[in-house]
Amino acid sequence: MNSSEQSLSRFCTFCGADLPPGHPRFCIECGQPVESSLRVEDAAPHATTGPTVRLANARTGQIVVGGTVKLPSSGAVPPGLWFTPELPGPDDIVAIYAPLRAVVGGWSGLTDHGWKKCDQEWAADGTSRTLVRFTVERVWFAAPGAAHNMRLQVQIGAVAHADEGRTRRGFRYRIGADPPMDVVAAWWIEGQTPRFDLPVPQIQIMAPPRVPRVSDYPETVRRMNAREAETWARQGEVHGLFRMPNSAQQRTPAGRGIPLIEVSALGALLRFGGAVERLYRVQMFRPLVCDAATWKRLKQRIAQEAASLGLDMNTDAMIEWWLDREGYDGALFERNAHPYGGGRAAIAFRRSQIALIE
């Protein structure tokens with residue numbers, strides 16, 4: 001195996017997760033075969049849009065991609081957007097967001113993100129597979145002052161067939177497929193008191209808003225000479241020279257993306273002298289620029305705003321949703337605000353934002 005293959009094999013090209021030591025056959029995050037990590041990621045299948053439901057979300061309408069469970073209705077009301085004083089009744093439909101993380105071509109739910117493994121049993125389907133069950137509790141709530149300020153506690157269940165252990169930490173499904181989730185139980189809570197005597201509305205399980213990122217676009221990195229690349233990059237707000245340690249989509253502080261590390265002037269001279277790796281330019285018109293302290297405060301703000309809309313989940317979807325809502329097309333982290341080492345790190349959300357200098 002050459003050095004390029006060794007670098008690629010340390011990351012899953014389907015979800016960008018780090019692979020464990022040794023020679024794993026499957027990614028423990030998304031379940032895809034590790035053999036796929038040795039292919040160029042451009043050859044990976046691109047996500048296609050499946051069933052969508054338009055729900056009001058924050059100040060804009062967003063399309064929630066990933067399908068629904070049993071009730072594909074655009075009339076479902078997400079958390080924080082019920083404004084009448086009465087409780088939603090059996091004829092009403094409310095939407096609850098499941099804590100899911102976007103992966104290439106679909107979604108995953110993991111024990112790292114709120115799901116709990118509750119039991120497992122033989123699948124009884126003629127194979128030796130094990131059926132693993134997971135559960136998570138989510139809360140639906142109305143707008144402040146509405147629905148008597150009561151909350152709807154919703155328990156969601158999910159199942160996955162464990163194959164060689166890779167799905168024992170969660171489950172995965174593709175866009176357009178039926179999600180392996182269902183509502184297990186639901187009850188109203190008044191203050192701290194459960195109200196099992198009150199009827200509950202119909203409940204629609206939704207994936208979080210899916211913001212298109214790298215693998216959702218059928219794009220490749222641009223190729224330009226040095227002068228063309230500089231002119232192209234200076235049309236935007238990020239003007240440095242960068243190296244790209246890995247071309248695969250990865251999980252970054254800003255969600256799914258491709259990190260590029262800024263190089264010094266000396267590094268650039270060595271590159272053009274043939275002593276170091278390739279250099280790249282990036283084009284971003286409205287990047288989020290922040291240092292470690294600013295990013296720490298901003299993450300707290302994002303969590304608070306997401307919680308007000310029922311999107312309080314420990315997944316990249318929360319950060320990706322907020323950055324998209326605010327109109328950012330990339331991120332630029334100071335050297336103390338990212339885990340990659342070296343200079344500043346630019347996080348590209350699309351391959352078309354990157355140009356290889358030839």
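Each value in this text was obtained by applying a stated rule to the coordinates, not by laboratory testing. None of these values were measured; they are calculated from a predicted model. We place every Cβ from the backbone using ideal geometry, glycine too, and count neighbours over all the protein chains shown.
Tabulated values for the structure
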{"quantity": "Listed peptides 285-291, 87-93 by packing density, highest first (mean Cβ within 10 Å)", "calculated": "285-291, 87-93"}
{"quantity": "Filtered trypsin sites (Lys or Arg not before Pro), segment 198-248: DSSP coil and at most 15 other beta carbons within 10 Å", "calculated": "ARG234"}
{"quantity": "Charge dipole (debye, nearest 20) of segment 213-357; +1 at Cβ of Lys and Arg, -1 at Cβ of Asp and Glu", "calculated": "360 debye"}
{"quantity": "Förster radius 30 Å - calculated FRET efficiency between HIS239 and ASN314 (Cβ-Cβ, nearest 0.05)", "calculated": "0.30"}
{"quantity": "Per-q log10 I(q)/I(0), segment 213-357, q = 0.22 Å⁻¹ (Debye; single scatterer per alpha-carbon; no solvent)", "calculated": "-1.44"}
{"quantity": "For ALA185, residues with placed amide H under 5 Å, excluding near neighbours", "calculated": "GLN155"}
{"quantity": "ASP112-GLU358 FRET efficiency (beta carbon distance; Förster radius 45 Å; 0.05 resolution)", "calculated": "0.65"}
{"quantity": "Förster radius 35 Å - calculated FRET efficiency between ARG301 and ASP119, Cβ distance, rounded to 0.05", "calculated": "0.35"}
